[in-house]
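Here the structure comes first, spelled out in structure tokens, and everything after it is commentary.
Throughout, read-outs are computed from the coordinates displayed, never taken from laboratory work. Since we're looking at a predicted model, the values are computed, not measured. As a convention, Cβ positions derive from the backbone with ideal geometry for all residues, glycine included, and neighbour counts pool all protein chains shown.
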Amino acid sequence: MSGRKNIFEAGGERYHADTCAALMAAHKAGEVAFKAVARGAYPGQRLPPGVLPQVSSLGYWDASHDQSWGLAEHRNEGIEITYLANGHLGFMVDGQPYALEPGNLTITRPWQPHRVGNPAVASSRLYWLILDVDVRQPHQPWNWPTWLVLSKADLRELTELLRENEHPVWCGTAEIERCFSELGGLLDTLPAGGPPVSRLALAVNELLVCLHELLRAENPPRRPGLTLGERSVAMFLERLRDELAEPWTLDIMAERTGLGRTRFAHYCRKLTNLAPLAYLQQLRVERACHRLAKTRDPITMIALDCGFGSSAYFSSVFRRAMQCTPRAYRERCRR
């Protein structure tokens, strides 16, 4: 592992991997069966350091009746593969809802927002594997565990298939179902002295081989742009308008995307036709215009909320952009 922070930063926000708090509360209350091995903030029997490194969570739940909880939108630091063995389940990725049926497989890329339940979890048996591939931005290379046995060519192709398509729900195969069932059986018989490392590693390897075969057969349309620095900048810019009060500088903006100043500025201009700080200023003025027109908030409050250091500086920037003062703009909008 590279030692990168175990968080995802975008648009001034920091996303931590999900802790499955709702699931664990239901398990504690006896509402759902749960088995897992895990590390970090994930629940389950602890994986010792050096044992199956980069496995963040491997487990299943078995809900024998409809639940009152769901997993709200969250992100995981690794590639997450789930398999619905029984029941039906609501699922959402990037705001797009899906109705999972028995035999469906889901794949979410590192830090991709998703939720489970619509809004609550239905009676279901769901397996999952979360494997940390050391990614904190979309353009960064994936680093797979060294204990995987896939050939370099197969692992390279699997990586491309996973990184370059956005389709999150697939029809699983009998082989994939067997792999998850075997993993579940191993979890059911976890010895107190530690997990059966070799058998778990063997089952995970076989699962990834089967996943590679499935994706290769399906041959989904690929979008290489999903893995470029431009994608990282686009994601940052999408969220920037929600964090206008942050004290942004070019260095901080570039750092949040994991890029150097020059590359960040290049992609920002390509996407917006403006330099980063000019684009930021444009967003701030647009937000201020909206607040001036739609609210009675004091001008100083609007200036600070939109990221301007003072009302005087705000008035100067606003006058250059709108050819009038903030007060005159507000009066004009009220006529």
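Just a few scattered comments:
- Where the alpha-carbon atoms of region 228-333 are placed on the principal axes, they occupy 45, 21, 21 Å, in descending order.
- In percent, rounded to a whole number, the relative contact order of region 7-225 is 20, using alpha-carbon pairs under 8 Å and six or more apart.
- Stokes-Einstein D for region 126-285, Kirkwood Rh over Cα pairs, 25 °C, 0.890 mPa s (µm²/s): 131
- Beta bridges per DSSP, both residues in the chain: antiparallel share near 95 percent.
- With helices as the sole contributors, the chain gives -12500 deg cm²/dmol at 222 nm; each DSSP H run of n ≥ 4 counts as -39500 (n - 2.57), and the sum is divided by every residue.
- For the pair Leu250 and Arg320, label points projected 7 Å from Cα toward Cβ lie 1.5 nm apart.
- For region 38-136, the convex hull drawn through the C-alpha positions has a volume of 95 cubic angstrom per residue.
- In plain terms, the chain from Arg46 to Ala312 could stretch by 90.2 nm, reckoned as 0.36 nm per residue minus the Cα-Cα distance.
- Listed by chain and number, the aspartates and glutamates whose C-alpha is less than 19 Å from the C-alpha of Lys294, apart from same-chain residues fewer than 8 away, are Asp242, Glu286, Asp305, Glu331.
- Over the chain, the Kirkwood radius and the radius of gyration, each from Cα atoms, give a ratio Rg/Rh of 1.06.
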